[in-house]
Structure formats: C-alpha cells, structure tokens
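Everything on this sheet refers to the single structure shown next.
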C-alpha cells in the first residue's frame, strides 16, 4: 500500500479542480495546470479533496498511485503559491547578475556563462552571490536550479562553486608533506 497515495489532497481556498476522464485540471490564482494520469489509477474530486486510488493490485498500479497523487499535490500547491529554490555562489570572483531575460554568471571560466531563463520561471539575484529561482511548476524550478548548479558544482577541497542554500559540502583534507 502506498502511504503517500492513501492521503487525500486538500483543495485550499481559491483553488478549483475538475476531472474529465483521466485528466485533472487545477485552477488557482497563480496558474492553471492539467495532468493526465495513466489508466492504472482513478482520480475523484469530492468534499474539497482530491483522492487517487489504484484500479488493481498490479505493481504498476501501485507505482502510479503514489506518483500521481504527488504530482497532483504539487499542482495544487503551485496554483496557490510559488515554489522557490535558492542557490549560493562561493568563490573568489564568482558572481551572478540578471540582464533582461538572461542570467550572467562569472564562474572563473575563460568566458561568462549566459543562461537563458525559460518560460514559467523567474530568476532574481538579490546579491551577486545569491540566486533565487521561482515558479509554479516544482519540476521546472528544480530542473532550472540544477542546470545553473551544473555550471560549477561545489568542489570538495575549498568548497568553491554553486550550491543550494544550506547544502553541506564535506571538506576533504589536502595533501600532506
């Protein structure tokens, strides 16, 4: 039994959900999203809650049960408020700045990195060493933050690079004489 799938998704005030076959559409003040579930699960909206149930005892139905419920919960959260990922830049001379729809990164490479901001995501740079990625789709926000981090991952000797805020990097000891 899926522990996640058993829990219903509560609809907050201002968020509406409609089901048509295997497709659920969630409308809220921030965004409107839709998700088409596989035939292995059944989606129902009743009493201000969305419930997902499997259609059989098969392994695939149980896998889709928890995943579908989590995707729907993320859609409901994104319709009401935004998801946020914060990144920190550490290193001498490493910095970021926004120029229009482009994030410019100085990361110690021979050239500046120009990162185009995709639709549905907003990137702000409150300080030259901080980047905030926000959006209504959790997967897209996480993917954009991971793509930015991939330009210069934190290295284990000095800790230089781009890391998530609050991320711990295990520091290795250098060579000894």
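We did not get these values from a lab; they are worked out from the coordinates using the rules stated. Fair warning: this is a prediction, and the values are worked out from it, not measured in the lab.
Across segment 129-169, the mean sequence separation of Cα contacts (distance under 8 Å, 6 or more residues apart), normalised by length, yields a relative contact order of 24 percent. For segment 52-159, what relative contact order do you get, as a whole percent, if you take Cα pairs closer than 8 Å and at least 6 residues apart? Relative contact order of segment 52-159: 25 percent. Seen against the Cα atoms of the chain and their longest principal axis, helix 59-80 is set at about 70 degrees. The candidate values were [x] 36, 24, 17; [y] 40, 21, 12; [z] 34, 17, 14; the one computed from these coordinates for semi-axes √(5λ) of the Cα gyration tensor in Å carries the label [y].
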